[in-house]
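Please read the structure below before turning to the comments.
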2 protein chains.
Amino acid sequence: MPGVLDIGDGSQDALLVRIRAGGFEGWGECEASPLTSIASYVCPMSHRACKPLRYSLEGKNINDIQDIRRISDSVHEHSPDLLQADHTLSGIDIALWDLLGKKTGEPVFHLLGYSKSFPKLPYASQLFGDTPEETFSKAKKTNADRFRAVKFGWGPFGKRGNDNDTAHIRAAREGMGNDAYLMIDAGTVFSENVLDAQKRLAALNDANAYWFEEPFINGSLNSYKKLSESNPKVALAGGEGCNNFVQAQAMIECAGLHFIQIDAGRIGGITISKKVADLAAEKNITYVNHTFTSHLALSASLQAYAGLKDHLISEYPVELKSLAQEIGKEKILRDTNGYIQAPEKPGLGITVDTEALKKYLVDVEIKVKGKTIYATPRL
Amino acid sequence: MPGVLDIGDGSQDALLVRIRAGGFEGWGECEASPLTSIASYVCPMSHRACKPLRYSLEGKNINDIQDIRRISDSVHEHSPDLLQADHTLSGIDIALWDLLGKKTGEPVFHLLGYSKSFPKLPYASQLFGDTPEETFSKAKKTNADRFRAVKFGWGPFGKRGNDNDTAHIRAAREGMGNDAYLMIDAGTVFSENVLDAQKRLAALNDANAYWFEEPFINGSLNSYKKLSESNPKVALAGGEGCNNFVQAQAMIECAGLHFIQIDAGRIGGITISKKVADLAAEKNITYVNHTFTSHLALSASLQAYAGLKDHLISEYPVELKSLAQEIGKEKILRDTNGYIQAPEKPGLGITVDTEALKKYLVDVEIKVKGKTIYATPRL
């Protein structure tokens, strides 16, 4: 976006990945910090375990799903000491699945082994208002828009005391009515502090909240575990910060979560997301997509659990900035029953609107030793 | 270095951080992928939780250790969705401790609360030879250089079958003699595969190896735990890949490790390293520095556990490329008993040799929308 605000809205910029091979084109999207991820793609090699991402991708064959796994494995073998690698791989992996889907004429969820994609109940994912009154209005509008589930997060939550948070939670419930699913997202604001998180439980229980999300920073297994063992009544959700499989595995097995939330744009793409979904199903933890950006990212994040019928809930962004809105020509919209589904189309089923995006394109140039190693390609 | 080889030698490039404030200058070093970390420092903000690192640093006051902690906390609050942030913070945090030490005239370990720095037994840390014969020669030379401890890692280990690995381990022991500490570093080559790691145990036990390091990727708690519970006899070491406190905490508490290895250049600097050292001491896990680069990085990595007398072992790089050798004017050398110590000098006690480094300086320029947002500063 021409201007980026200091708010918890991840739709304000985008890094798209376009991969061309054999006459086909696949698109993916990485979550957050485009410039840093671009740098990780083109940077000079530091040593054996710190190679740029391009090393594992360019010139490789993509004929079947094993080829995609090989590229994912290659990044993990050749770039593990490049911290940003997993975020960059995410967009690459998503684009590869899209590309292979287009080549084979199959939706990605078919390629993943699911015979069909089941309907998901979308929750209208949005930021808290600045005041309880504003949160109430947003909830009221969401209810009027016939959403049966809503999530409020970030904004002032956790920053202005427990009474203020209680007022926001109440306002959200009052605006949505008693029948709706209401989720509350603390946005990691309590860091590792269990007591601060526990103070919010009474209001969450009074409002019959469906889950309490990310009270703590990702991977703080002890804090999650302690909170889960303190009989919080409300279910715990987390995991969007996981950037590889073993981190998600630890959150599933050691954090006392009921819901594991995975962003395909961060964890390493659809390949790793599917591995996490398989584990979640095995461990009776409910898998939920994390998506706060475009419908391209939404389609990518839905694929990994499209075929898991009982994993019903889906994050659905409703406050996208125009950039994120315009990325896909097609939208994933609610059906008459209020459900969404992964598109029944080849690949991810989203056509990137390159014409519309031209006005947002940011020119970036990276020079090393006087030589240009990256320049923004034309759309 | 003018040329970077595809080997597990992290001393082939360097990202130095220089911070100036109040007439003082502090220096730090980040591990791996300089361009990516630079990008994370100057990138445009993506959203509230994805700000460039400069946001938390520039213009801030540095008068006492609380100011350093505030900057570390600020990065964790404002940049948690920027994956590379912890690696970049590492160099910044190290430079801040160096700067504050110079301002106060105190060694960093004093500022951390240690009354003195205890001697550490350095192990000569190096790569396996390409053949067992070469490993034998390297071990022989290390023994001749009067090192009482050695570590071999990476190279062909885990890539040419168990017999080859066995031959290398044997060769290392034979070259060093029976009295030396011998550590073996698998360099995460077995990914999460416990059986592959277990196959190496017989040779490790026959050679009386002191520890078996990083058989698996960082954070694979299940694999570490399973291996540790299978009565491996040899102690397990790991943790260099941790890029924040909670990851190290999980490795200490859930992985069955005997040794936790922390790189101050990756985990977020000296601030987070010290927090891990405190936890390790509490949990009776031995803290060891991870260092495969310069003596500036070595001094930084020693500070966090300088005052822990019983945490005796120290990684000591012996195959540094000339770039890494020339970073510091002073070297941390063994005393007559073969021990090393964190320097008893203000800050980190290492003067960066800017004159010597001029020949290695790589010109980098990053332009966004036609405006230069980063250009390599002059030394």
I want to make sure I understand the PRE zone here: with the label point 7 angstrom from the Cα of A:Val362 toward its beta carbon, which residues in segment A:19-53 have backbone N atoms less than 18 Å away? A:28-43
Report the dimensions of segment A:101-160 along its three principal axes from the alpha-carbon atoms, largest first, rounded to Å. 51, 26, 16
What net charge do the residues around A:Ile267 carry, taking every other residue with its C-beta under 12 Å from that of A:Ile267, with Lys and Arg at +1 and Asp and Glu at -1? -2
Under the helix-only model (-39500 (n - 2.57) for each DSSP H run of 4 or more, divided by the residues of the protein assembly as shown), the mean residue ellipticity at 222 nm, to 500 deg cm²/dmol, is -10500 deg cm²/dmol
1.4 Å probe accessible area per residue over chain B, in Å²: 37
Of the heavy-atom accessible surface of segment A:302-379 (probe 1.4 angstrom), what whole percent is carbon and sulfur? 50
Note the direction-averaged projected area, equal to a quarter of the hull surface, for the Cα convex hull of chain A, in nm². 18.5
Under 19 Å from B:Lys329, Cα to Cα: lysines that are on another chain or at least 8 residues apart: B:Lys102, B:Lys321, B:Lys345, B:Lys358, B:Lys359
For B:Gly129, list long-range residues whose amide hydrogen, built 1.01 Å from N in the peptide plane, is under 5 Å from its own amide hydrogen. B:Thr135
Considering protein heavy atoms only and a 1.4 Å probe radius, which residues within segment B:213-250 exhibit an accessible-area decrease of no less than 20 Å² in the full assembly relative to the chain by itself? B:Gly219, B:Leu221, B:Asn222, B:Val246, B:Gln247, B:Gln249
Can you tell me the order of A:113-126, A:332-345, A:233-246 when each peptide is scored by its average per-residue count of other Cβ atoms within 10 angstrom, highest first? A:233-246, A:113-126, A:332-345
Using only protein heavy atoms and a 1.4 Å probe, report how much of A:Arg70 is accessible, in Å² to the nearest 10. 140
If you build the convex hull over the alpha carbons only and average its shadow over all orientations, what do you get for the protein assembly as shown? Give it in nm² to one decimal. 30.7
What net charge do the residues around A:Gly347 carry, taking every other residue with its C-beta under 9 Å from that of A:Gly347, with Lys and Arg at +1 and Asp and Glu at -1? +1
For A:Asp278, inter-copy label distances in nm, listed shortest first [label point 7 Å out on the Cα-Cβ vector]: 4.2
How far is A:Asp6 from itself in the other copies, in nm, if each label sits 7 Å out from Cα along the Cα-Cβ line, shortest first? 4.6
Beta bridges by DSSP in the protein assembly as shown, antiparallel share as percent, to the nearest 5: 40
Rounded to the nearest Å, what's the spacing between the alpha carbon centres of segment A:320-371 and segment A:89-125? Just the number, please. 15
Note, segment B:202-216: 3J(HN,Hα) by Karplus (6.51, -1.76, 1.60, θ = phi - 60°), whole Hz, Gly/Pro = x, goes 4, 5, 5, 6, 4, 8, 6, 5, 7, 8, 10, 9, 6, x, 10
Counted charge near B:Ser125, where neighbours are those whose Cβ lies closer than 15 Å (Asp, Glu -1; Lys, Arg +1): -3
Please compute the modelled spin-label separation between B:Glu58 and A:Tyr339, points set 7 Å along Cα→Cβ, answer in nm with one decimal. 5.2
Peptide A:48-55: average number of partner chain Cβ atoms within 10 Å per residue? 5
Shielding score for A:79-91, defined as the mean number of other chain Cβ atoms within 10 Å: 5
Which distances in nm, rounded to one decimal and ordered from shortest, link the label point of B:Asp145 to the equivalent label points in the other identical copies, with labels set 7 Å from Cα toward Cβ? 6.4
Log entry, pair A-B: total buried accessible area, probe 1.4 Å, protein chains only, in Å² rounded to 100, is 4900
Quick one: Karplus J couplings for segment B:51-59, per residue in order, coefficients 6.51, -1.76, 1.60, θ = phi - 60°, nearest Hz, x for Gly and Pro? 9, x, 4, 4, 4, 8, 10, 5, x
Non-local amide H neighbours of A:Val318 (under 5 Å, H modeled in plane, Pro and chain starts lacking H): which ones? A:Ser125
Given a Förster distance of 56 Å, report the FRET efficiency between B:Asp353 and A:Thr131 from their Cβ-Cβ distance, rounded to the nearest 0.05. 0.50
Can you compute the modelled spin-label distance between B:Thr376 and B:Asp6, with each label point 7 Å from Cα toward Cβ, in nm? 2.5
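The values are calculated or read from the model by the stated rules, or taken from the named source; none is laboratory data. As the structure is a prediction and not an experimental result, all values here were calculated from the model. As a convention, Cβ positions derive from the backbone with ideal geometry for all residues, glycine included, and neighbour counts pool all protein chains shown. These accessible areas exclude ligands, DNA and RNA; they are computed on the full protein's heavy atoms, side chains included. Shrake-Rupley method; radii C 1.70, N 1.55, O 1.52, S 1.80 Å.
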